Amino acid sequence: MKLISTSSTDVYVSHEIESMGEKFVLVTITVDIPAPKKSYFYRGGFQWRLYGESVPLIVMLNFRDDISPSGGVLNEISFFISETTQQTDGVNIHEVIKGLPVLSMDNQEIHEQFVHEEKGTFRLHLADKSMYCLFDNTESAIEVEINEDLSCLFDREKVFSGFVIRNLADEEINLIQEAVS
C-alpha cells in the first residue's frame with residue numbers, strides 16, 4: 001500500500017489493548033470517520049494482511065469517494081503481540097505530515113477480492129508511552145500524524161511501513177512488556 005495523499009477529515013481514534021492469556025495480547029486500533037453525507041460515496045472495504053508464523057496483522061481500509069476517489073482510508077488495525085514478537089532499538093523519522101493518509105493499492109493487491117495477504121513480520125519499539133510497530137526490515141522516513149494518538153509510517157518510496165500508537169497507559173505498557181518478555 002502506498003501513500004498517495006492526505007485528507008483533513010475529522011477523525012476519532014481509539015485503541016484497545018487486552019490480554020488474551022499468558023504472553024498473548026490483542027491490539028485493536030479504530031479510526032472513526034463521520035459517515036459520508038450520501039451513502040453512495042462509500043464503495044466498500046479492503047483488508048491488507050501481513051502474516052508470518054502466527055495470526056496476521058490486519059489493516060482495514062474503506063473506499064470513500066467523498067474523501068478520495070482513487071484510494072482507501074484507514075478504518076482499523078488489529079494484531080497480536082506475543083513472546084515471539086521481535087523488538088527493535090529505535091526509530092528515526094525524517095518528515096512529519098499531519099492528516100489522514102489516503103492509500104492506493106496496486107493491481108495485484110486489488111485482484112484478491114478486496115483481501116491481500118503479504119508474507120512478512122513486524123517488530124515493536126516502546127518509548128515515551130508510545131508503541132512503534134514496524135513492518136519487516138523497512139526504514140520509516142515519513143510519519144503521517146492522524147492525531148495525537150496515532151500516526152502511520154512510510155518509507156522513502158511512500159510505501160506503508162508501520163504505525164505508532166501514542167499516549168499509552170501504564171497498564172497497557174505493562175501488558176505489552178509482559179507479552180514480549
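The values are calculated or read from the model by the stated rules, or taken from the named source; none is laboratory data. All values reported here derive from a predicted model rather than from experimental measurement. Cβ atoms come from the backbone with ideal geometry, glycine included; neighbour counts cover every protein chain shown. Calculation scope for accessible area: heavy atoms of the full protein, side chains included, ligands and nucleic acids excluded. Shrake-Rupley method; radii C 1.70, N 1.55, O 1.52, S 1.80 Å.
Farthest toward the positive end of the dipole of the chain, out of 164, 4, 28, is the Cα of 4, where the dipole comes from beta carbon charges about the Cα centre. Past 29 Å, Cα to Cα: identify those pairs from 23/119; 38/98; 98/129; 23/129; 23/158; 2/37, in the order given. The pairs that break the limit, which is 29 Å between Cα atoms, are 23/158. If you plug the beta carbon distance of residue 130 and residue 104 into 1/(1 + (r/R0)^6) with R0 = 30 Å, you get a FRET efficiency near 0.65.
Among rounded, prolate and oblate, which fits the stretch 132-181 when a ≥ b ≥ c are the square roots of the eigenvalues of its C-alpha gyration tensor, a/c under 1.5 means rounded, and a/b larger than b/c means prolate? Oblate, since a/c reaches 1.5 and b/c is not below a/b.
The average projected area of the stretch 1-71, computed from the convex hull of its Cα atoms over all directions, is 6.2 nm².
Go ahead and run the numbers for FRET between residue 137 and residue 178, Cβ-Cβ distance against an R0 of 30 Å, rounding to 0.05. Calculated value: 0.70. The C-alpha radius of gyration of the chain, expressed as a fraction of 2.2 N^0.38 Å, stands at 1.00.
Under the classification rounded if a/c is under 1.5, otherwise prolate if a/b is larger than b/c and oblate if not, where does the stretch 50-107 fall, given a ≥ b ≥ c as square roots of the Cα gyration tensor eigenvalues? Since a/c reaches 1.5 but b/c is at least a/b, the shape of the stretch 50-107 is classed as oblate. Helical content alone sets the calculated 222 nm signal of the chain at -2000 deg cm²/dmol, taking -39,500 (n - 2.57) per DSSP H segment of four or more residues and averaging over every residue.
The relative contact order of the stretch 38-181, computed from alpha carbon pairs under 8 Å that lie at least 6 residues apart in sequence, is 21 percent. Among the protein heavy atoms, those of residue 5 account for about 50 Å² of accessible surface (1.4 Å probe, every chain in place). Please give the residues of the stretch 157-181, grouped as numeric ranges, whose backbone N is less than 17 Å from a label point set 7 Å along the Cα-to-Cβ vector of residue 23. Answer for the stretch 157-181: 175-181. Would you please state which residues of the stretch 123-161 a label at residue 53 would reach in this model, taking the label point 7 Å out along Cα→Cβ and a backbone N cut-off of under 16 Å? Under cut-off, by backbone N: 123-124, 136.
Taking every alpha-carbon pair under 8 Å whose residues sit at least 6 apart, the stretch 17-98 reaches a relative contact order of 30 percent. For the stretch 132-181 and the stretch 27-49, what is the separation of their C-alpha centers, rounded to whole Å? One Cα centre to the other: 21 Å. For the pair residue 16 and residue 97, the difference between a 0.36 nm per residue extended length and the Cα-Cα distance amounts to 26.7 nm.
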